[in-house]
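A short write-up of the structure that comes next.
The values are calculated or read from the model by the stated rules, or taken from the named source; none is laboratory data. What you are looking at is a predicted structure, and each value in this text was computed from that prediction instead of being measured. A quick note on method: Cβ atoms are made from the backbone with ideal geometry, for glycine too, and the neighbour counts reach across all protein chains shown.
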């Protein structure tokens, strides 16, 4: 499943949220009253974020891989500190597409892997910033948030 047009990416440390038990992943979950801290916004370059998921059958059962890629413009210490924090794998992500549909990536048991790389285009007008990739392997596909 490819989700076109990601408008917003937010994150929260997993210690500040309790995800409800998931009995049926096709039913949207409510996050009302589950957080004790505010969600923070990952300031990605507009139009740079892509989100896709795929399922695979294995001997252990079906598992899903969720991938999100994007770009954060500018190279500075504030962005680098944030990326280093996200690299610790202690965060859960809430993603909103251009239609307003929200998705949850990760939970208290299955936390996404966050990777990043700095980029400095060879031309003076080249793209400068950080590319990032968020990957989650889980028994659940993308979870819808109501």
(message) I'd like to know if the stretch 14-36 contains one or more residues that are closer than 29 Å to residue 130 by Cβ, touching a helix residue (DSSP H, G or I) at 6+ places or on another chain (Cβ under 8 Å) and modelled with pLDDT of 90 or more.
(response) no
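Does residue 32 count as surrounded by 11 or more Cβ atoms within 10 Å (Cβ to Cβ) and on the phi < 0 side of the Ramachandran plot?
On the way: surrounded by 11 or more Cβ atoms within 10 Å (Cβ to Cβ): no; on the phi < 0 side of the Ramachandran plot: yes.
Against the criterion (surrounded by 11 or more Cβ atoms within 10 Å (Cβ to Cβ) and on the phi < 0 side of the Ramachandran plot), residue 32 does not qualify.
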(message) Regarding the stretch 49-63, can at least one residue be identified that is in contact with a strand residue (DSSP E or B) (Cβ under 6 Å, 6 or more places away or on another chain) and closer than 19 Å to residue 129 by Cα?
(response) yes
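Taking the stretch 48-100 as the search range and keeping residues that are over 18 Å from the mean Cα position of the chain (by Cα) and assigned to a loop (DSSP other than H, G, I, E, B), which one is farthest from residue 17 (Cα to Cα)?
Step one: list which residues in the stretch 48-100 are over 18 Å from the mean Cα position of the chain (by Cα), which gives 56-62, 74-78.
The next check asks that each one be assigned to a loop (DSSP other than H, G, I, E, B); those that pass are 59-60, 74-76.
Numbers: 59: 32, 60: 29, 74: 30, 75: 30, 76: 29 Å.
Among those that are over 18 Å from the mean Cα position of the chain (by Cα) and assigned to a loop (DSSP other than H, G, I, E, B), it is 59.
Being assigned to a loop (DSSP other than H, G, I, E, B) and under 22 Å from residue 88 (Cβ atoms) is the filter here, so list the residues in the stretch 1-30 that pass it. Lay out the reasoning, then the answer.
As a first pass, look at the stretch 1-30 and keep what is assigned to a loop (DSSP other than H, G, I, E, B): 1, 4-5, 18-28, 30.
Scanning the stretch 1-30 gives 18, 19.
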(message) Given the criteria farther than 25 Å from residue 28 by Cα, in contact (Cβ under 8 Å) with a residue 12 or more places away in the chain and surrounded by fewer than 12 Cβ atoms within 10 Å (Cβ to Cβ), does residue 61 qualify?
(response) no
(request) Please state which of the following conditions residue 133 fails to meet, knowing it meets all the rest: (1) at pLDDT 95 or above; (2) within 21 Å of residue 29 (Cβ to Cβ); (3) surrounded by fewer than 21 Cβ atoms within 10 Å (Cβ to Cβ). (result) (2)
(message) Being in contact (Cβ under 8 Å) with a residue 12 or more places away in the chain, part of a strand (DSSP E or B), over 15 Å from the mean Cα position of the chain (by Cα) and surrounded by 11 or more Cβ atoms within 10 Å (Cβ to Cβ) is the requirement here; does residue 103 meet it?
(response) no
